[in-house]
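The values are calculated or read from the model by the stated rules, or taken from the named source; none is laboratory data. All figures in this text were calculated on a predicted structure; none of them were measured in a lab. Heads up, the Cβs are rebuilt from the backbone with ideal geometry, glycines too, and the neighbour counts pull from every protein chain shown. All accessible areas refer to the heavy atoms of the entire protein, side chains included, with ligands and DNA or RNA removed. Shrake-Rupley method; radii C 1.70, N 1.55, O 1.52, S 1.80 Å.
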Amino acid sequence: MSRIGRMPIAVPAGVTVDIAENNKVTVKGPKGTLERVLPAEMEIKQEDGHLIVTRPNDLKKMKSLHGLTRTLLNNMVVGVTDGFVKELEVNGVGYRASKQGKKLVLALGYSHPVEMEDPEGLESVVDGNKITVKGIDKEKVGQYAAEIRAKSAPEPYKGKGIKYVDEVIRRKVGKTGKK
């Protein structure tokens, strides 16, 4: 039995969950509304303040969809109540980030500044050398943070680039001179 799939999802006060046909789930909360079509094979029930996901049989595909469906539902509930945050750090001489309205402007050692528009429903905040991406959709927050990081991924010799705050860069020893 899927350990994750079995766990009920607590629906906090102020959050409404609507389950339409074909498992089209709409979650409304204080931070906004999320909508998603979940796998139709899974059965999603709402009973006394909890969401319960059950699977029809024990085929390998159903087992894998069971935990996935429950996690996606849980992320939707957490997103509309607390939201998701990813923090990035800009390291390097001359590397800096700034905000111009809804644009994130990055100086990354290129001949031009790199400009990125904040996607719909997401917000990026710059504080010194830290960039914070906030939103209610976990997938979109992670994707936008990954796109920012990809503009200049950290290199292993000096550690220059954009990295996640909790990421550890494996450092390498540089070249040594002739002896």
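Residues that are touching a Gly at 6+ places or on another chain (Cβ under 9 Å) and of a type in the set (A, V, I, L, M) were ranked within segment 53-75; the one that is nearest to V17 (Cα to Cα) is V53.
Note on segment 52-70: residues that are out of contact with any helix residue (DSSP H, G or I) (no Cβ under 6 Å at 6 or more places or on another chain) and open to solvent by less than 80 Å² (accessible area, probe 1.4 Å) amount to 7. Condition (residue is surrounded by 14 or more Cβ atoms within 10 Å (Cβ to Cβ) and touching a helix residue (DSSP H, G or I) at 6+ places or on another chain (Cβ under 7 Å)) applied to segment 139-156: is it met by at least one residue? Taking every residue of segment 139-156 in turn, none turns out to be surrounded by 14 or more Cβ atoms within 10 Å (Cβ to Cβ) and touching a helix residue (DSSP H, G or I) at 6+ places or on another chain (Cβ under 7 Å). In this entry, K86 is excluded by the filter for residues that are in contact (Cβ under 8 Å) with a residue 12 or more places away in the chain, more than 19 Å from the chain's Cα centre (by Cα) and either under 28 Å from V17 (Cα atoms) or assigned to a strand (DSSP E or B) (or both).
For segment 83-96, the criterion of a residue being of a type in the set (F, W, Y) and surrounded by 15 or more Cβ atoms within 10 Å (Cβ to Cβ) is satisfied by at least one position. Restricting attention to segment 19-51, the residues being part of a helix (DSSP H, G or I) and exposed (fewer than 13 other Cβ atoms within 10 Å of the Cβ) number 2. When N91 is tested against the conditions (1) touching a strand residue (DSSP E or B) at 6+ places or on another chain (Cβ under 6 Å); (2) polar (S, T, N, Q); (3) under 30 Å from P156 (Cα atoms), the lone failure is (1). The set of residues in segment 78-107 being more than 26 Å from V168 (Cβ to Cβ) and in contact with a helix residue (DSSP H, G or I) (Cβ under 7 Å, 6 or more places away or on another chain) consists of G79 alone.
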